[in-house]
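Chemist: Please see the structure below; I have some questions.
The values are calculated or read from the model by the stated rules, or taken from the named source; none is laboratory data. This one's a predicted model, so the numbers in the text were calculated from it and none came from an experiment. Heads up, the Cβs are rebuilt from the backbone with ideal geometry, glycines too, and the neighbour counts pull from every protein chain shown.
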Amino acid sequence: MVFGFSRKKPFHGGESQFFEILSRQASKTLDGLEALWNFVEKGSKENANLVRFIEREADELRRILIQELDQTFVTPLDREDIYALSGALDDILDLIDSLAQRFVMYNVDQPTPAAQEMAFLILKSCQSLEAAVSLLGGNLEQINRYCVEVNSLENEADRVCREAISRLFDEEKDPIQLIKWKEIYGTLERACDKCEDAVNILESMVLKNA
């Protein structure tokens, strides 16, 4: 026995274990977006609290994945890519949770049309992202079309955000409201950027395994 080193197991739990965890993590991310969208659309604070619950469940999935990576000698895809994709999914849900809590903290009963549009674009991005992640372990070439969809949605979200902030500075006279909504728009934009980060990692996986 060699002290100071843990023994790593090849394909601990089976190589599909990584695909399953990533797929579940992507599904939790989409669940969080759907809860946020219900809040944005209906204004129910229960949905904001649901986002926090979902975020904690997703954190547990990421913890399990990291543990599996540590215990596995050979992984079906690059270890760094698996870790990075899980981290990108985690970042999306962290931002969504942050948004939900801000809506509650700032007593936002009715989000602006721009905030609703951006939330919807992120929801669509996460739907495409979940579909792409579900293809890991299968036909990787099919992933590319979902990546293109997310890139297009991110560009649209950037446009909506720019226009919303421009209107905010032109029309909002209350400095508190201006600061509040600028922060909300910025967080929405970062969430959409994180969706693009995730598909960039997926595209890298496809290229490496083509």
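Chemist: If you scan the range 168-186, which residues turn out to be in contact (Cβ under 8 Å) with a residue 60 or more places away in the chain and either exposed (fewer than 10 other Cβ atoms within 10 Å of the Cβ) or in a loop (DSSP other than H, G, I, E, B) (or both)?
Modeler: none
Chemist: Looking at the range 171-196 only, could you name the residues that are farther than 21 Å from Met105 by Cβ, in contact with a helix residue (DSSP H, G or I) (Cβ under 6 Å, 6 or more places away or on another chain) and of a type in the set (Asp, Glu)?
Modeler: The answer is Glu196, and nothing else.
Chemist: I've got another one for you. Take the conditions touching a Phe, Trp or Tyr at 6+ places or on another chain (Cβ under 6 Å), of a type in the set (Ser, Thr, Tyr) and crowded, with 17+ Cβ neighbours inside 10 Å and apply them to Ser86. Does it pass?
Modeler: no
Chemist: Report, by residue number, each residue of the range 125-170 that is over 14 Å from Glu196 (Cβ atoms) and among the small types (Gly, Ala, Ser).
Modeler: Ala131, Ser134, Gly137, Gly138, Ala164, Ser166
Chemist: Ok, one more. Going by the conditions given, is Ala119 under 13 Å from the mean Cα position of the chain (by Cα), over 19 Å from Ser23 (Cα atoms), small (Gly, Ala, Ser) and crowded, with 21+ Cβ neighbours inside 10 Å?
Modeler: Yes: the conditions hold for Ala119.
Chemist: Go through the range 128-143 and report how many residues are polar (S, T, N, Q) and at pLDDT below 90.
Modeler: Matching residues across the range 128-143 total 2.
Chemist: Say whether the condition of being more than 17 Å from the chain's Cα centre (by Cα) and over 23 Å from Gly137 (Cα atoms) is met by at least one residue in the range 77-91.
Modeler: no
Chemist: Out of (1) among the hydroxyl-bearing types (Ser, Thr, Tyr); (2) closer than 25 Å to Ala48 by Cβ; (3) surrounded by fewer than 17 Cβ atoms within 10 Å (Cβ to Cβ); (4) within 21 Å of the chain's Cα centre (by Cα), the odd one out for Ser152 is which?
Modeler: (2)
Chemist: For the range 103-152, name all the residues that are in contact with a helix residue (DSSP H, G or I) (Cβ under 8 Å, 6 or more places away or on another chain), hydrophobic (A, V, I, L, M, F, W, C) and over 20 Å from Met205 (Cβ atoms).
Modeler: Listed by number, the residues that qualify are Phe103, Val104, Val108, Ala114, Ala115, Met118, Ala119, Phe120, Leu121, Ile122, Leu123.
For every residue, the table says whether it meets (1) small (Gly, Ala, Ser); (2) under 16 Å from Thr29 (Cβ atoms); (3) part of a loop (DSSP other than H, G, I, E, B).
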residue: Leu136; (1), (2), (3): no, yes, yes
residue: Val148; (1), (2), (3): no, no, no
residue: Arg190; (1), (2), (3): no, yes, no
residue: Glu203; (1), (2), (3): no, no, no
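Chemist: Here is a further query. Got a number for residues in the range 160-190 being in contact with a Cys (Cβ under 7 Å, 6 or more places away or on another chain) and among the hydroxyl-bearing types (Ser, Thr, Tyr)?
Modeler: 1
Chemist: Could you check the range 73-89 and list, in sequence order, the residues that are of a type in the set (A, V, I, L, M) and assigned to a helix (DSSP H, G or I)?
Modeler: Matches in the range 73-89: Ile82, Ala84, Leu85, Ala88, Leu89.
Chemist: Moving to a separate point now. Looking at the range 70-99 only, could you name the residues that are at pLDDT below 90 and either of a type in the set (A, V, I, L, M) or closer than 23 Å to Trp37 by Cα (or both)?
Modeler: Passing the criteria: Val74, Leu77.
Chemist: Next up: For the range 45-67, how many residues are buried (at least 18 other Cβ atoms within 10 Å of the Cβ) and out of contact with any Asp or Glu (no Cβ under 7 Å at 6 or more places or on another chain)?
Modeler: 5
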